[in-house]
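As structure tokens, the structure follows; a few thoughts come after it.
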Amino acid sequence: AKAHIDAEDFAAALPLLKILTQSQPENAEAWHLCGYAHCKLGDMDAAALAYGTLLQLNPDNSAAQQFHAA
């Protein structure tokens, strides 16, 4: 998933991130990448859900805080 994000192929990253977040729901990095990918694809509702989960796992995450502030 990270390689797809790095290549800016966000649509290809999302199915992998979905599997990862389902199998490892405590994986904050996976939720961050999921929110980022959704944001880049313009799906702000899905991005908000991912970043919301990230905030629950890591309330000090600056990326999630910035998304919710916007």
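Please verify whether the range 1-18 includes one or more residues that are in contact with a Cys (Cβ under 6 Å, 6 or more places away or on another chain) and assigned to a helix (DSSP H, G or I). So that I can check it myself, show each step before the final result.
Of the residues in the range 1-18, the ones in contact with a Cys (Cβ under 6 Å, 6 or more places away or on another chain) are 17.
Checking which are assigned to a helix (DSSP H, G or I) leaves us with 17.
Yes, some residue in the range 1-18 is in contact with a Cys (Cβ under 6 Å, 6 or more places away or on another chain) and assigned to a helix (DSSP H, G or I).
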Residue pairs qualifying under the 8 Å Cβ cut-off, at least six apart or on distinct chains, with the first in the range 42-56 being open to solvent by less than 20 Å² (accessible area, probe 1.4 Å) and the second being not in a helix (DSSP H, G or I), are 54/61
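Of all residues in the range 39-68, which are among the acidic types (Asp, Glu) and assigned to a helix (DSSP H, G or I)?
As a first pass, look at the range 39-68 and keep what is among the acidic types (Asp, Glu): 43, 45, 60.
Listed by number, the list holds a single entry, 45.
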Going residue by residue through the range 13-22, is there one that turns out to be open to solvent by 30 Å² or more (accessible area, probe 1.4 Å), over 15 Å from residue 63 (Cα atoms) and small (Gly, Ala, Ser)? no
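The values are calculated or read from the model by the stated rules, or taken from the named source; none is laboratory data. Computed from a prediction, not measured in an experiment: that's the story for all the values here. Note: ideal-geometry Cβ built from the backbone for every residue, glycine included; neighbour counts use all protein chains shown. Ligands, DNA and RNA are excluded from the accessible area calculation, which covers all protein heavy atoms including side chains. Shrake-Rupley method; radii C 1.70, N 1.55, O 1.52, S 1.80 Å.
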